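For reference, the structure discussed in these notes is given below.
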Amino acid sequence: MLGRLLGNASQRVPSLLKRVSLTMKPKVIFVLGGPGAGKGTQCSKIVEAYNYTHLSAGDLLREERGRAGSEYGQLIDTYIKEGKIVPVEITISLLRKAMEETMTKDETKSCFLIDGFPRNEDNLQGWNRVMDGKADVKFVLFFDCSNEVCINRCLERGKSSGRTDDNRESLHKRIQTYLQSTRPIIEQYEKHGKVRTVDASRSVDE
């Protein structure tokens, strides 16, 4: 089922249309779920099987935080450590830049998995304000997983990831932020029939 959904949304651009592909709107699937639900892991598998580009909002923010001379670096660092959501203008700017760069480098790459966004109502309104008419959001791919499983996975990941937010204190804050801010966004999309749910408590291959 997942393969069919992604395949339909990721039709390859015919060779005759390659030259005009940059004028096409990027096709976007928002990938949401709690910390440790497996969003990044499963996005990597989708990329292997379909002509998609994976953009992680969190990874883009962490890269920007570490970039020398970044005007946002310290601000992003503080928000991430506190388990808070980074101001929407920064996140959308990074996402838009990444999509444009990808489509410029490869004209056939117009389908994107945006992982970990929108995280709250402000994110959603910001996206609608900035990207209205500029991107085609197909649906939300929701990785549904219990809080306990998510926390245990993140603690295990934290042993080798080097991420400053993979610790129990930050995780409890992130889980609360997810429940209070992100779940309502998923519910909004559900009302419009634009959510596809995956049981993320199972093993990676399942």
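The values are calculated or read from the model by the stated rules, or taken from the named source; none is laboratory data. Note that the structure is predicted; figures quoted are calculated from it, not measured. Note that each Cβ is placed from the backbone with ideal geometry, even for glycine, and that neighbours are counted across all protein chains shown. Ligands, DNA and RNA are stripped out before the accessible areas are found, and what is left, the full protein with its side chains, is counted by its heavy atoms. Shrake-Rupley method; radii C 1.70, N 1.55, O 1.52, S 1.80 Å.
Name the shape class, rounded, prolate or oblate, that the alpha-carbon gyration tensor gives for region 30-149, where a ≥ b ≥ c are the square roots of its eigenvalues, rounded holds for a/c under 1.5, and otherwise prolate holds if a/b is larger than b/c and oblate otherwise. Could the numbers behind the result be given before it?
Numbers: a/c = 1.41, a/b = 1.08, b/c = 1.31.
Because its axes are fairly even, with a/c under 1.5, region 30-149 counts as rounded.
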Sequence-distant or interchain residues sharing an amide H contact under 5 Å with Asp115, placed H: which? Val31, Leu55, Ser56, Ala57
Could you state the principal axis extents of the C-alpha atoms in the chain, from the largest down, to the nearest angstrom? 53, 43, 33
Probe 1.4 Å, accessible area per residue of the chain, Å²: 54
Angle between the Cα long axis of helix 88-105 and the longest principal axis of the chain, 0 to 90 degrees, nearest 10? 40
Of all the accessible heavy-atom surface of the chain, with the other protein chains kept in place and a 1.4 Å probe, what percent is carbon and sulfur? 47
What number of lysine-lysine pairs in region 79-206 show an alpha-carbon separation below 25 angstrom, given a sequence spacing of 8 or more or placement on distinct chains? 20
In degrees between 0 and 90, to the nearest 10, how far off the longest principal axis of the chain does helix 168-177 point, with axes built from Cα atoms? 50
Relative to the chain, whose Cα atoms define the longest principal axis, helix 121-131 and its Cα axis are tilted in degrees, nearest 10, by 20
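So if each residue of separation counts as 0.36 nm, and I subtract the Cα-Cα distance between Glu107 and Lys45, what length gain in nm does that give?
Working: separation 62, 0.36 × 62 = 22.32 nm, distance 2.18 nm.
That works out to 20.1 nm of additional length.
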What is the magnitude of the charge dipole of the chain about its Cα centre, with +1 placed on the Cβ of each Lys and Arg, -1 on the Cβ of each Asp and Glu, and no other charges, expressed in debye to the nearest 20? 440
